[in-house]
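*Asks:* Got a structure here, written out as C-alpha cells. Questions coming.
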Amino acid sequence: MRYEAPKTIKEAAGLLAKASGNAFVLAGGTDLLVRLKGGLIEPDLVVDIKRIPSTQTITRTAAGFRIGAAVPAVALGENAALAKAWPGVVEAANLIGSDQVQSRCTIVGNLCNASPAADSVPAMIAAGAKAAIVGSKGRRTIPVEQIVVGPGKTSLKKGEVVEAILLPKPAAKTGDAYLRFIPRTEMDIAVVSAGVCLSLGPKGVVKAARVALGAVGPTVIVADAAADAIVGTRLEDAALADLAAACEKACKPIDDKRGTIEFRTDVAGVLARRAAKIAYDRAGGK
Ligand SMILES: Cc1cc2nc3c(=O)[nH]c(=O)nc-3n(C[C@H](O)[C@H](O)[C@H](O)COP(=O)(O)OP(=O)(O)OC[C@H]3O[C@@H](n4cnc5c(N)ncnc54)[C@H](O)[C@@H]3O)c2cc1C
C-alpha cells in the first residue's frame with residue numbers, strides 16, 4: 001500500500017486520478033482505518049489530506065462559512081461564530097463518537113463514508129450546505145444531498161476530492177436543530193435522526209423550512225412535504241402533527257435488530273417534531 005501526504009488539493013486530486021487499483025482519501029481515518037484493519041478494504045493508495053492547508057481551517061466569508069475537509073469535528077464546536085450561526089450542524093457534528101473520535105473525525109469523512117445513519121449529514125442538508133469538490137479537471141460545487149447515492153456509494157468521480165463544506169450565511173431569524181435516537185446515551189449509530197432548519201417572517205410565521213431524515217432510507221431523505229407542512233404556520237400543534245405525518249410518509253426504513261419499520265417510522269415523526277420546535281425557538285419564535 002502506498003501512502004501519500006500531498007501539500008495541495010490539486011496534487012491530491014492528481015494522485016487519485018492517476019491511481020490504478022483501490023485509492024482512498026484519508027481524513028480523520030475513523031471509518032477508513034476501521035475498515036482497513038478489519039480487512040474490509042485493501043487500498044493500493046491512501047492519500048492523506050491533513051497536510052493540505054486549504055483543508056485545515058474554518059473561515060467566515062461574506063457568503064457564510066467554509067469548513068475545510070480535514071477540520072476535526074471538535075473544532076466546529078470550538079468556533080463560537082459557527083456554533084451561533086448553525087447550532088444544529090455543530091451539535092450533529094459533535095455527536096459523532098467519543099472525545100477521541102471527535103479530535104480526528106471530519107464532517108466530510110462522515111459524508112463520504114456514505115452511511116445512511118451519518119449524524120452530520122441530515123443537519124448539513126437541512127442547513128443547505130454545499131460540498132466544494134476538486135478534481136484533476138477542475139472544481140465544482142454541489143449540494144450535500146447530491147454526494148451520497150446509496151449506502152457506501154458517492155457521486156464523486158475518480159480523482160475527485162471534497163475540499164470543504166460551504167454553509168450559507170443564515171437568513172435573519174433562522175434556527176436549526178438535529179436530534180437522533182440511539183438505544184444508548186452515546187457512542188452508537190443513529191436508529192433514526194432528523195435535522196430541521198427554518199426561517200421566520202413577521203409575527204413568528206415560518207417562511208422557509210428544510211427537513212432531512214437520517215437512517216430511514218438508503219440515503220438521507222429530504223422531506224419536502226414535511227417542510228411545506230410548517231411553512232405559513234406558527235408551528236401550532238396542528239402544523240406539527242402535519243409535519244410528523246409527512247415525515248412518516250417519507251420514510252423508507254429497513255427492519256433490523258436495531259429498530260422495526262414501524263418504530264423507525266414513528267420515531268422519525270417524533271424527532272422531526274421536536275427538532276422543529278427547537279429550531280423555531282432558536283430562530284426567535286415564541
Ligand atoms: C468509535 C467510533 C464511534 C463512531 N461514532 C459515530 C457516530 O456517533 N455518528 C456517526 O455518524 N459516525 C460515527 N462513527 C463513524 C466515523 O467516526 C464518522 O463517520 C466520521 O465522521 C468519519 O470521518 P473521518 O474524517 O474519520 O473519515 P475517514 O475515515 O478519513 O474517511 C471516511 C470515508 O470518506 C472518504 N473521504 C474522507 N475525506 C474525503 C474527502 N475530503 N473527499 C473524498 N472522500 C473522502 C474516505 O476515503 C473514506 O472512504 C464512529 C466511528 C468510531 C470508530
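The values are calculated or read from the model by the stated rules, or taken from the named source; none is laboratory data. Here the structure is a predicted model, which is why all the values come from computation and not from measurement. Here the Cβ is made from the backbone with ideal geometry for all residues, glycine too, and neighbour counts use every protein chain on show. What goes into the accessible areas is simple: the full protein's heavy atoms, side chains included, and nothing from ligands, DNA or RNA. Shrake-Rupley method; radii C 1.70, N 1.55, O 1.52, S 1.80 Å.
*Asks:* How many angstrom lie between the Cα centre of the stretch 152-200 and the Cα centre of the stretch 46-122?
*Replies:* 10
*Asks:* Once the dipole of the chain is set up with Lys and Arg at +1 and Asp and Glu at -1 on Cβ about the Cα centre, which of Ala226, Thr265, Ile125 lies farthest towards its positive end?
*Replies:* Ranked along the dipole, the leading option is Ile125.
*Asks:* Still on this structure, please answer the following. Just the Cα atoms of the stretch 171-286: what Rg and Dmax do they give in Å?
*Replies:* So, for the stretch 171-286, Rg and Dmax equal 13.8, 46 Å respectively.
*Asks:* With the other protein chains left in place, how much accessible area per residue, in square angstrom, belongs to the chain at a 1.4 angstrom probe?
*Replies:* Each residue of the chain exposes 47 Å² on average to a 1.4 Å probe.
*Asks:* Here's something else I'd like to know. For the chain, with all protein chains present and a 1.4 Å probe, just round the carbon and sulfur fraction of the accessible area to a whole percent.
*Replies:* C and S fraction of accessible area: 54 percent.
*Asks:* Something else now. What are the trypsin sites (Lys or Arg not before Pro) within the stretch 154-202 that DSSP puts in a loop, where the Cβ has at most 15 other Cβ atoms within 10 Å?
*Replies:* Answer by residue number: Lys157, Lys158, Arg184.
*Asks:* Then there's this: For Met187, what accessible area in Å² do you get when you roll a 1.4 Å probe over the heavy atoms of the protein chains, rounding to the nearest 10?
*Replies:* About 90 Å², ignoring ligands and nucleic acids.
*Asks:* About its Cα centre, what dipole magnitude does the chain give when the only charges are +1 on Lys and Arg Cβ and -1 on Asp and Glu Cβ, stated in debye to the nearest 20?
*Replies:* 880
*Asks:* How big is the dipole moment of the stretch 1-126 about its Cα centre under a simple scheme where the beta carbon of each Lys and Arg is +1, that of each Asp and Glu is -1, and everything else is neutral? Debye, nearest 20, please.
*Replies:* Roughly 360 debye, rounded to the nearest 20.
*Asks:* Let me ask something else. Would you please give the FRET efficiency between Asp188 and Val74, computed as 1/(1 + (r/R0)^6) with r the Cβ-Cβ distance and R0 = 30 Å, to the nearest 0.05?
*Replies:* 0.95
*Asks:* Based on the Kirkwood radius over alpha-carbon pairs, what value in µm²/s does the Stokes-Einstein equation return for the translational diffusion coefficient of the chain at 4 °C and 1.567 mPa s?
*Replies:* In µm²/s, the coefficient rounds to 68.
*Asks:* Could I ask something else about it? Using 18 Å as the Cα-Cα cut-off, could you pick out the over-long pairs in Lys207/Lys286; Lys10/Lys153; Lys137/Lys157?
*Replies:* In this structure, Lys10/Lys153 exceed 18 Å between Cα atoms.
*Asks:* Distances over 23 Å make up what percent of all Cα-Cα pairs in the stretch 43-179?
*Replies:* Within the stretch 43-179, distances greater than 23 Å cover 27 percent of Cα pairs.
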